[in-house]
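All of the numbers you see were taken from the coordinates with simple rules; none came from a lab. What you are looking at is a predicted structure, and each value in this text was computed from that prediction instead of being measured. A quick note on method: Cβ atoms are made from the backbone with ideal geometry, for glycine too, and the neighbour counts reach across all protein chains shown.
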Amino acid sequence: MKTLILHHDDCLRHDPGRRHVEGPARVTAVLNGVKNISGTEILPAPRATLEQLLLAHAPEYWERLAELEPAREPGNERVALDPDTFLSAGSIDATLRGSGAACFAIDQVFCGKAKNAFCATRPPGHHADATTAMGFCLLNHAAVAARHAQLAHGVSRVAILDFDVHHGNGTQAIFEASPDVLYISSHQMPLYPGTGYPDETGAGNILNLPLPPGAGSAEFRSAWSGYGLPELERFGPELVIVSAGFDAHLLDPLGQLELQDEDYGWITTEICAIAESGCGGRVVSILEGGYDLDALASASAAHVRALTG
Ligand SMILES: [Zn+2]
């Protein structure tokens with residue numbers, strides 16, 4: 001079976017401004033990195049339905065976003081939702097493709113049409129909570145996907161693993177009272193958004209693994225081998241969702257961690273091995289951050305290569 005790669009050109013239309021690091025060139029770089037990996041198939045990402053996105057977001061929040069979206073494409077008008085999170089014409093479609101890709105990927109994996117999947121979509125999602133856009137994120141795709149899996153496929157336990165350099169405060173906030181979803185994050189601390197301390201444990205379902213600036217392969221691997229992966233195994237998920245940010249890479253301009261491409265291959269292989277033995281290999285990965293285009297291409301390629309096994 002194949003590893004699906006989900007994408008849609010609508011993801012290029014979200015335009016936070018020419019100087020913004022979270023630009024459309026990111027997904028182009030990712031697609032260039034992963035397009036020729038054997039064992040993959042690229043499919044168009046559908047839009048999430050209203051019912052799907054409301055699984056993780058408040059209806060008033062979504063209505064406000066839809067109202068604020070600038071109407072027309074030339075003109076480049078943008079609405080600032082916070083100092084670094086913007087809505088342009090096309091943003092709503094772009095973020096709907098992100099959540100839709102993740103839900104579709106889950107359907108494909110559960111009906112046996114795909115081995116696993118990677119959603120090459122933007123804007124990212126893990127900073128958005130039920131009612132707030134922040135940190136470049138509008139909809140929390142991992143959260144929507146986890147709830148979709150529970151509702152549509154009768155899954156009870158879902159694990160979300162997040163190795164983006166930033167803590168996924170939105171994902172944590174959405175699930176901190178939900179013991180049916182395990183959230184494990186490795187991230188740099190101190191760093192935006194300022195959450196992710198080890199004592200933030202939710203209902204016993206949150207595991208934060210902060211790493212100091214300058215930490216690299218050894219510290220990353222030992223945090224996951226020593227704490228993250230054993231906790232994943234103990235939890236026994238029926239589905240693993242990965243918030244795959246590549247901004248902990250040595251070359252990334254937003255963080256000071258020093259991961260290399262091989263570390264992304266390593267963590268992916270470890271996650272897939274646990275998923276293989278516990279939940280039929282069901283892994284759905286979603287692009288989060290990653291802002292050095294060359295590193296993004298090579299690290300996402302290492303990630304997808306490991307997904308193909
Ligand atoms: Zn990030």
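In table form, for the structure just shown:
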{"quantity": "At 1.002 mPa s and 20 °C, Stokes diffusion of the range 187-258 via Kirkwood alpha-carbon radius, µm² per second", "calculated": "161"}
{"quantity": "P(r) of the range 67-135 over all Cα-Cα pairs, binned every 5 Å from zero, in whole percent", "calculated": "3, 16, 20, 22, 15, 11, 7, 6, 1"}
{"quantity": "The range 7-144: proportion of alpha-carbon pairs further apart than 27 angstrom, %", "calculated": "18"}
{"quantity": "The range 273-292 versus the range 203-267: alpha-carbon centroid distance in Å", "calculated": "12"}
{"quantity": "Estimated Rh, the range 98-147: Kirkwood, alpha-carbon pairs, angstrom", "calculated": "11.2"}
{"quantity": "Two-decimal log10 I(q)/I(0) for the range 103-248, as the Debye equation yields it once each C-alpha is a single scatterer, q = 0.13, 0.18 Å⁻¹", "calculated": "-0.54, -1.06"}
{"quantity": "Calculated [θ] (222 nm, deg cm²/dmol) that DSSP helices of n ≥ 4 give over the chain, each run adding -39,500 (n - 2.57)", "calculated": "-11000 deg cm²/dmol"}
{"quantity": "Segment E67-L151, extension gain: residue separation times 0.36 nm, minus the distance between their alpha carbons", "calculated": "27.4 nm"}
{"quantity": "The chain: antiparallel DSSP beta bridges as a percent of all, rounded to 5", "calculated": "10"}
{"quantity": "Relative contact order %, the range 92-201, counting alpha carbon pairs below 8 Å whose residues are six or more apart", "calculated": "22"}
{"quantity": "For the range 1-128, share of DSSP beta bridges that run antiparallel, in % to the nearest 5", "calculated": "25"}
{"quantity": "Dipole magnitude of the chain, debye to nearest 20 (Cβ charges: Lys/Arg +1, Asp/Glu -1, about Cα centre)", "calculated": "780"}
{"quantity": "Dipole magnitude of the range 1-141 about its Cα centre (Cβ charges: Lys, Arg +1; Asp, Glu -1), debye to nearest 20", "calculated": "660"}
{"quantity": "Length gained when the stretch S225-D84 is fully extended (0.36 nm per residue, less Cα-Cα span)", "calculated": "47.4 nm"}
{"quantity": "Angstrom value of the Kirkwood radius, inverse mean 1/r, which spans all Cα pairs in the chain", "calculated": "18.6"}
{"quantity": "Ratio of Rg to Rh over the range 214-255 (Cα coordinates, Kirkwood Rh, two decimals)", "calculated": "1.05"}
